[in-house]
Amino acid sequence: MQYFTLKVIDIIKDTSDVITIRFKQPGLKKIKYKAGQYLTLIIRINGRKYLRPYSFSSAPDIDLYLEITIKRIQGGVVSNYLYDHIKVDDIIEVMEPMGDFIYDPSSIPNNQHIMLWGAGSGITPLMSILKTTLNHSPDTKVSLFYCNRNPEHTIFQQEINALKEKFNKSLVVWNFYTGIPEDIYLNYQISGRIDESKIMSVVSNKEELFGSVHYICGPTGLKNTIKAILSKLEVPATNIFTEEFEVLIDSQQLDDIQTRMVTIIEGGKKSVIEIVKGKSILDSGLDQDMDLSYSCQTGTCTLCKAKLLSGKVKVIGVDKMPDDVAEDECLLCCSYPYTDDIIIQI
Ligand SMILES: Cc1cc2nc3c(=O)[nH]c(=O)nc-3n(C[C@H](O)[C@H](O)[C@H](O)COP(=O)(O)OP(=O)(O)OC[C@H]3O[C@@H](n4cnc5c(N)ncnc54)[C@H](O)[C@@H]3O)c2cc1C
Ligand code: FES
């Protein structure tokens, strides 16, 4: 893993609860990334180290600077800290870019329609993909379906309008607003959430959905809605990319989990820690000041992978384990203790 230190050169207020942090590229060791990837920030607050991933909103080879866009989450430790305290000239340590929610212009035929589905801060990686597609493949048709509470809470609306003007032959944008009461269907604005009937009323036909490449980033509800529609149409899984910012845990899944003691062996040192019911093994380890490796906390980056020497864990919040997690391994961020004899080696 490579680490970099980045200097903040600007902070842009996008909406009342969203900022974009602009970093200067390092002088010697430039950061290379792909549209759709994220940067993991390492932030120290009151003596504790926190790692949080933020998708690039800037586009590689197009934007001179590196940009990430952060929405403050109620009660959130890092998002509020960044929103309230980050300033120009601050230096922030980051990990190398990661993520497989990637748009690679060379792997998608120039005439294939790209459909971007987003809500709220989920626009961030889609913005990077949007700029990359339009600039690298100007003949490619791109449709953005973007859901927000109202125009005031819509991140990047001005930038998107400017792209619409510049690329008026290839880009179509549908804004969905949940906070606009009456049913309006005006100027590419629709009231309510993105659902099947609204999609079918704006997409010219099912073949258009079937033949497109889809990128979805937003809350679980949006992801499930779009995936269900695409799966009914038998859109190949290789043409659907999804990114999740957080996992939602159904409390029923915790019914058979109890507070248990777990043994963790790290570099020959043995620690026995308590995993309180409801907390993942990663969360409990971090609460007890263990220096554990992690980033996404959604079961995708595999940085928290560990060997399960004995006992059983329950995996919660992840539909499919990444391919490189072996039978005798687990991801600490989505593992909950299921038996009393758990021994984990990091
Ligand atoms: C791959 C990836 C890319 C991401 N990109 C972005 C991005 O571009 N912009 C951005 O703003 N965030 C992004 N996030 C989310 C970000 O990493 C943090 O999780 C988020 O800022 C909350 O961190 P926190 O420390 O403020 O909240 P925490 O203190 O970790 O959590 C506080 C509470 O907020 C809830 N919560 C955590 N994350 C979210 C969320 N995203 N939405 C709603 N509730 C949440 C938690 O369940 C918890 O109850 C991304 C996450 C991932 C995994
Ligand atoms: S922190 Fe990314 S998989 Fe666990």
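The values are calculated or read from the model by the stated rules, or taken from the named source; none is laboratory data. A quick note: this is a predicted structure, and the numbers were derived from the prediction, not measured. Here the Cβ positions follow ideal geometry from the backbone for every residue, glycine too, while neighbour counts run over all protein chains shown. All accessible areas refer to the heavy atoms of the entire protein, side chains included, with ligands and DNA or RNA removed. Shrake-Rupley method; radii C 1.70, N 1.55, O 1.52, S 1.80 Å.
Which of the three applies to segment 3-98, rounded, prolate or oblate, going by the alpha-carbon gyration tensor with a ≥ b ≥ c and a/c under 1.5 meaning rounded?
prolate
Using Cα-Cα distances under 8 Å and only pairs 6 or more residues apart, what relative contact order does segment 251-345 have, in percent? Before the final figure, lay out the partial values.
Numbers: 185 pairs, mean separation 33.5, N = 95.
The value is 35 percent.
Note the angle between two axes, namely the Cα long axis of helix 220-232 and the longest principal axis of the Cα atoms of the chain, as a number of degrees from 0 to 90, rounded to the nearest 10.
Its long axis makes an angle of about 60 degrees.
For each pair in Lys164/Lys232; Lys232/Lys320; Lys277/Lys314; Lys131/Lys169, compute the distance between the two Cα atoms and list the pairs where it is over 24 Å.
On the way: Lys164/Lys232 31 Å; Lys232/Lys320 20 Å; Lys277/Lys314 12 Å; Lys131/Lys169 15 Å.
Beyond 24 Å: Lys164/Lys232.
Helix 157-166 versus the longest principal axis of the chain: what angle, 0 to 90°, nearest 10, using Cα atoms?
In the chain, helix 157-166 runs at an angle near 50 degrees to the longest axis.
Under the rule of at least 5 residues apart or a separate chain, name every residue whose amide H is placed under 5 Å from the amide H of Ser191.
It is Tyr177, Ile184, by chain and number.
Could you calculate the contour length gain from Lys270 to Met1, that is, 0.36 nm times the residue separation minus the distance between their Cα atoms, to one decimal place in nm?
Values: separation 269, 0.36 × 269 = 96.84 nm, distance 2.48 nm.
Taking Lys270 through Met1 to full extension adds about 94.4 nm, to one decimal.
Given a cut-off of under 8 Å on Cα pairs at least six residues apart, what relative contact order in percent is computed for segment 105-243?
Details: 221 pairs, mean separation 37.5, N = 139.
In percent, rounded to a whole number, it is 27.
Give the aspartates and glutamates whose C-alpha is closer than 17 Å to that of Lys87, dropping any in the same chain fewer than 8 places away, or say none.
Hits, sequence-local ones excluded: Asp10, Asp14, Asp17, Glu67.
Show me 255-262, 331-338 ranked by packing, highest mean number of other Cβ atoms within 10 Å first. Intermediate results must be reported in sequence, preceding the final value.
On the way: 255-262: 14.2, 331-338: 23.9.
In descending order of packing, they fall as 331-338, 255-262.
Pop out the ³J(HN,Hα) list for segment 255-268 in order, Karplus 6.51 cos²θ - 1.76 cosθ + 1.60 with θ = phi - 60°, rounded to Hz; leave Gly and Pro as x.
Couplings: 3, 9, 10, 10, 5, 9, 8, 10, 9, 10, 9, 10, x, x Hz.
Let me have the relative contact order for the chain, percent, based on Cα pairs under 8 Å that are six or more residues apart.
Computed value for the chain: 13 percent relative contact order.
If one takes the longest principal axis of the Cα atoms in the chain, at what angle in degrees, from 0 to 90 and to the nearest 10, does the Cα axis of helix 123-136 lie?
50 degrees
Cα convex hull of the chain: how many Å³ per residue?
154 Å³
Place +1 on the Cβ of every Lys and Arg and -1 on the Cβ of every Asp and Glu in the chain, take the dipole about the Cα centre, and give the residue among Asn111, Thr302, Pro219 whose Cα lies farthest towards its positive end.
Highest projection toward the positive end goes to Asn111.
Between Asn135 and Lys312, what length comes free when the chain is fully extended (0.36 nm per residue of separation minus the Cα-Cα distance, one decimal in nm)?
Details: separation 177, 0.36 × 177 = 63.72 nm, distance 4.94 nm.
58.8 nm is the gain from fully extending Asn135 to Lys312.
With +1 assigned to the C-beta of every Lys and Arg and -1 to the C-beta of every Asp and Glu, and no other charges, what is the dipole magnitude of segment 25-143 about the Cα centre in debye, to the nearest 20?
It works out to roughly 340 debye.
With each pseudo-label sitting 7 Å past Cα toward Cβ, what's the Thr263-Asn224 distance in nm, one decimal?
Going from the Thr263 label point to the Asn224 one covers 4.0 nm.
Can you give me the long-range amide H partners of Ala35? Hydrogens built in the peptide plane at 1.01 Å from N, cutoff under 5 Å, separation of 5 or more residues or another chain.
The list, which skips near neighbours in sequence, is Tyr103.
State the answer as a single residue: which of Ile344, Leu66, Phe176 lies farthest towards the positive end of the charge dipole of the chain, with beta carbon charges of +1 for Lys and Arg and -1 for Asp and Glu, about the Cα centre.
Projecting each Cα onto the dipole axis, the largest value belongs to Leu66.
About its Cα centre, how strong a charge dipole does segment 284-342 have in debye, to the nearest 20, once Lys and Arg get +1 and Asp and Glu get -1 at the Cβ?
140 debye
Any chance you could run the full-extension gain for Thr339 through Lys49? It's 0.36 nm times the residue separation minus the Cα-Cα distance, nm to one decimal.
Stretched out fully, the Thr339 to Lys49 stretch lengthens by 101.4 nm.
What shape does segment 251-345 take by its C-alpha gyration tensor, where a ≥ b ≥ c are the square roots of the eigenvalues and a/c under 1.5 counts as rounded, a/b above b/c as prolate, and the rest as oblate? Present the calculation step by step, with values, prior to reporting the outcome.
On the way: a/c = 1.33, a/b = 1.05, b/c = 1.27.
It comes out rounded by the Cα gyration axes.
How far apart, in nm, are the 7 Å Cα→Cβ label points at Gln74 and Asp289?
3.3 nm
Can you tell me the dipole magnitude for the chain around its Cα centre, using point charges on the Cβ only (Lys, Arg +1; Asp, Glu -1), in Debye to the nearest 20?
640 debye
Once phi is turned into ³J(HN,Hα) by the Karplus curve 6.51 cos²θ - 1.76 cosθ + 1.60 with θ = phi - 60°, what whole-Hz value does each residue of segment 90-103 show in order, with x for glycine and proline?
Per residue, the Karplus-derived 3J(HN,Hα) values read 4, 10, 10, 8, 9, 8, 4, x, 9, x, 10, 8, 10, 9 Hz.
Ignoring everything but the protein chains, give the 1.4 Å probe accessible area of Glu329 in square angstrom, nearest 10.
My reading of the accessible area for Glu329 is about 50 Å².
For segment 317-332, take each phi angle, set θ = phi - 60°, evaluate the Karplus expression 6.51 cos²θ - 1.76 cosθ + 1.60, and give the result in whole Hz per residue in order, putting x for glycine and proline.
So the J values, rounded to whole Hz, are x, 10, 6, 9, 5, x, 4, 8, 9, 6, 3, 9, 10, 9, 9, 4.
Calculate the spin-label point distance for Tyr188 paired with Leu254, positioning each point 7 Å from the Cα along the beta-carbon direction, and give it in nanometres.
Reported label-point gap for Leu254 and Tyr188 is 4.3 nm.
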